[in-house]
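Inspection log for the structure reproduced underneath, given as structure tokens.
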Amino acid sequence: NAGVTQTPKFRILKIGQSMTLQCTQDMNHNYMYWYRQDPGMGLKLIYYSVGAGITDKGEVPNGYNVSRSTTEDFPLRLELAAPSQTSVYFCASSYVLSPRGSYNSPLHFGNGTRLTVT
Amino acid sequence: DQQVKQNSPSLSVQEGRISILNCDYTNSMFDYFLWYKKYPAEGPTFLISISSIKDKNEDGRFTVFLNKSAKHLSLHIVPSQPGDSAVYFCAASPEYGNKLVFGAGTILRVKS
């Protein structure tokens, strides 16, 4: 009963390095999301995907890229790490029957990846 | 511009008493509201939700109230238990739970 699994749990990057945060879900959810949480702030949406092959920007997409080749996986790519990207990153998934329908599952979150860029 | 605001960073309550967590929003397009609970080193977990067609939703010890005219919602926990100590996030969405916009969170401490 894994749910949403994120790896790694922790990572320290130097400025300018790149990395991929992995996210996989086993609930057959069609929607997946990446959020970041900065200290004292709420979670902010980076990117989301409504299904394999379809992604869209959220509130804070700059400096990130995503892809969705399968239903299960939704990796987040940082190409040129900057100190402003120091944050805790959460991946989430949900089942959406209809975007404006009344039956959609709540978001299920992974346990996060704590990233420090120095 | 914060569309969802939780103005109390923290709240301390005695075990057995009521905990009331508050949330205000500014976007009148929001039609679905949720509360999430978060323990340290874990992701947020869904607690309770309410759609804009209702003004109250109950689930056991948890009740969410929505006042659309005031753009305000609150979460009541009765009775509060030490295991309820966590960060509580209010979230809102214009699309029944998608693209959630989160508040900054309120740290609840329930003292035994």
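The values are calculated or read from the model by the stated rules, or taken from the named source; none is laboratory data. All values derive from a computational prediction rather than experimental measurement. Please note: Cβ atoms are built from the backbone with ideal geometry, for glycine as well, and neighbour counts cover all protein chains shown.
Some values worked out for this structure:
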| read-out | value |
| --- | --- |
| Subset of the range B:87-112 (residues that are aliphatic (A, V, I, L, M) and over 22 Å from A:S93 (Cα atoms)) | B:I107, B:L108, B:V110 |
| Residue match in the range B:57-72 (condition: under 20 Å from B:A86 (Cα atoms) and in a loop (DSSP other than H, G, I, E, B)) | yes |
| Residue within the range B:1-10 that is closer than 23 Å to A:L107 by Cβ, surrounded by 14 or more Cβ atoms within 10 Å (Cβ to Cβ), of a type outside the set (S, T, N, Q) and under 10 Å from the mean Cα position of the chain (by Cα) present | no |
| Selection from the range B:73-104 of residues that are assigned to a strand (DSSP E or B) and within 14 Å of another protein chain (Cβ to nearest Cβ) | B:A86, B:V87, B:Y88, B:F89, B:C90, B:A91, B:A92, B:S93, B:E95, B:N98, B:V101, B:F102 |
| Among the residues listed as B:I48, B:I107, B:I53, the single one being among the β-branched types (V, I, T) and assigned to a loop (DSSP other than H, G, I, E, B) | B:I53 |
| Test set (1) in a loop (DSSP other than H, G, I, E, B); (2) surrounded by fewer than 18 Cβ atoms within 10 Å (Cβ to Cβ) - A:P106 fails condition number | (2) |
| Residue list for the range A:43-93, filter: assigned to a loop (DSSP other than H, G, I, E, B) and aliphatic (A, V, I, L, M) | A:A52, A:V60, A:L80, A:A81, A:A82 |
| Total residues in the range B:32-53, condition surrounded by fewer than 18 Cβ atoms within 10 Å (Cβ to Cβ), closer than 21 Å to B:Q2 by Cα and either among the charged types (D, E, K, R) or at the interface with another protein chain (Cβ under 9 Å from one of its Cβ atoms) (or both) | 1 |
| Among the candidates A:T5, A:T24, residue that is within 11 Å of chain B (Cβ to nearest Cβ) and within 16 Å of the chain's Cα centre (by Cα) | A:T5 |
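Listed here are the residues, each with its yes/no results for (1) touching a His at 6+ places or on another chain (Cβ under 8 Å); (2) at pLDDT below 95; (3) within 14 Å of A:P75 (Cβ to Cβ).
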| site | (1), (2), (3) |
| --- | --- |
| A:T7 | no, no, yes |
| A:R11 | no, no, yes |
| A:G16 | no, no, no |
| A:Q22 | no, no, yes |
| A:Y31 | no, yes, no |
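Residues are listed down the side, and each one gets a yes or a no for (1) surrounded by 16 or more Cβ atoms within 10 Å (Cβ to Cβ); (2) of a type outside the set (S, T, N, Q); (3) in contact (Cβ under 8 Å) with a residue 24 or more places away in the chain:
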| site | (1), (2), (3) |
| --- | --- |
| A:Y31 | yes, yes, yes |
| A:Y35 | yes, yes, yes |
| A:G40 | no, yes, no |
| A:K44 | yes, yes, no |
| A:T55 | yes, no, no |
